[in-house]
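Below is one structure, written out as structure tokens; the observations come after it.
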Amino acid sequence: MITVVGGGPAGRTAAIRLAGAGQEVELIDRGGLGGQCLHHGCMVVCALNDAARLLHSARSLADRGVLDHNPALSFPALIRELKETQAIIREVLDRETDQAGVTVIRGAEAFVEGATVVCEGERRHPDALLIATGSAPRIPAIEGIDLPGVHTPHTVLGLDALPRSLAIIGGGAVGAEYAYIFRSFGCEVDLICRSRLLSALDERIGRQVRKDLDGVRIREQTAVCRIEGSPRADSLVLETGGAEEVIGADAVLVAAGLVPRTEMVSGVPTGPSGAILVDASMRTGVPGVYAAGDVTGPPYLTPVARYEGRIAADTILGITAKKDRACIPQYLSLRYDHAFCTLPPDASASFSIPSPSGPGSFWAVRERHTGVSTLDFEPESGRVTGIHAAAPGSAHALPYLAHLIEKGLTLAEFEDLIEVHPSTDAIPWLVRYAADWRRKNGSDG
């Protein structure tokens, strides 16, 4: 028997892969198959962002007289319909997992003690154990953060009405995505960043994100001293450059990152953050025990969790598998997709051009905001080392480009590509320009 604890992307992927190889697999899941991605993360942002983009586009067309009115948002209906759609997806995941031959123990809490699993009062001693318990919102130590009216991405769907003003604590990707969403819904939004906006990412990405966050008050190098209010949170005391300021807020959203969920795990080595320590084949320090996904630490991405789940399953099956990807595609979902993939920093050259107008950005031409695309490459070898595309639909091609970059794609191999049209994709033009630049500067390409 193989036991998997956690039914999110890593655990479910591994369980299905193991069952498909003829193994007897039990999957213990507490919160519903799909994990954080479906219930609190990616899918929630997708749903809310779809509505936000539609409202943004409708207002733009109404301002030009193309539409005769601005549509009004029904926030309660949005949340209701979102949850009903989540339920449909859950049914699909349940059916798919059951049909794969996985025995799912639903709604059960599991505790791991080394290689032993305790579930519903029973001690299990599986032949192999995979820990895939995911992550949870990081809650900073701020006075008043436990007041009613303070939410995380795990509780934001519990808002009973659209707040007139929202303070978001956290200047990372999730904070930026929610800032765009709620600003598009008509809220006054303060985005509070301890350092700079998107400090973990290339500054070029941050510059483009700011354009999509027009109307959001971005407060950088700002600390939250405390959250005040009685009986509900209604204000925050901030400190910027040594000066305190009080701002009002009908609601507060804490988007300060994630931490691995290992509070139910003991007897397995972990690092300072609580993340379970694993090798490149997802083995832990305990024989027969493996871990995959967010519980092993950053980058906290669903595709990486699935990837690690596959590696863990293959390792359990005795198939040689190692985590070895350096170029991981990522994106933020705001007015436009902000998609990027890059190899570790080197002596790359870089070219940028505006993205062409196309589906999703034609009406933004008059705003001079059709997006921007950037290409990084090594001047000597012509190897492509990174891509950043800020434009509608730019996320779709990035996984394939990231894979090719990982494999050593060069400008010479790429420049005869025939693009589709109309499209917002500027990468083919950048590739041709960069290849010509190399030839003019003495490289063979």
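Read-outs: derived from the displayed coordinates by stated rules, not from any lab. Just so you know, these numbers come straight off a predicted model, no measurement behind them. As a convention, Cβ positions derive from the backbone with ideal geometry for all residues, glycine included, and neighbour counts pool all protein chains shown.
Points worth noting:
- Set of lysines near residue 407 by C-alpha distance (under 19 Å), chain-local residues within fewer than 8 positions excluded: 322, 323
- Residue exposure sequence - 307, 433 - by fewest surrounding Cβ within 10 Å: 433, 307
- What the Cα atoms of region 323-445 give is an Rg and a Dmax of 14.2, 46 Å.
- Karplus 3J(HN,Hα) series, Hz, for region 310-325 with 6.51 cos²θ - 1.76 cosθ + 1.60 (x for Gly, Pro): 5, 4, 4, 4, 5, 4, 4, 7, x, 8, 5, 8, 9, 6, 9, 8
- Each residue of region 43-51 was assigned a 3J(HN,Hα) from its phi angle through the Karplus curve 6.51 cos²θ - 1.76 cosθ + 1.60 (θ = phi - 60°); the sequence is 5, 5, 4, 4, 4, 5, 5, 4, 5 Hz, with glycine and proline shown as x.
- Only helical runs count toward this figure. For the chain, summing -39,500 (n - 2.57) over DSSP H runs of n ≥ 4 and dividing by all residues gives -9000 deg cm²/dmol at 222 nm.
- Proximal aspartates and glutamates to residue 211, defined as alpha-carbon separation beneath 19 angstrom and excluding residues fewer than eight positions away on the same chain: 50, 63, 177, 188, 190, 202, 203, 220, 337, 367, 425
- Those GluC sites (Glu not before Pro) in region 235-330 that DSSP places in a loop and that have at most 13 other beta carbons within 10 Å: 263
- Cα pair distances exceeding 23 angstrom across region 111-212, given as percent: 47
- Taking the chain and dividing mean pair separation by its residue count, relative contact order in percent (alpha carbons under 8 Å, at least six apart): 15
- Taking the fewest neighbouring Cβ atoms within 10 Å as the starting point, the ordered list for 266, 184 is 266, 184.
- Trypsin sites (Lys or Arg not before Pro) restricted to DSSP loop in region 46-102 with at most 11 other C-beta within 10 Å: 64
- Highest-MSF residue in the chain out of 364, 243, 176 [GNM, Cα springs under 10 Å]: 243
- Here the calculated FRET efficiency for residue 367 and residue 141, from their Cβ-Cβ distance with R0 = 45 Å, stands at 0.60, rounded to the nearest 0.05.
- GNM top mover of 353, 276, 28 - the chain, alpha-carbon springs below 10 Å: 353
- Amide H contacts of residue 226 (H built 1.01 Å from N, in plane; Pro and chain starts excluded): 237 sit under 5 Å, all sequence-distant by 5 or more or on other chains.
- Between region 19-43 and region 410-428, the Cα center-to-center distance that results, in Å: 38
- Distant alpha-carbon pairs in region 150-254 (separation over 17 angstrom), percent: 49
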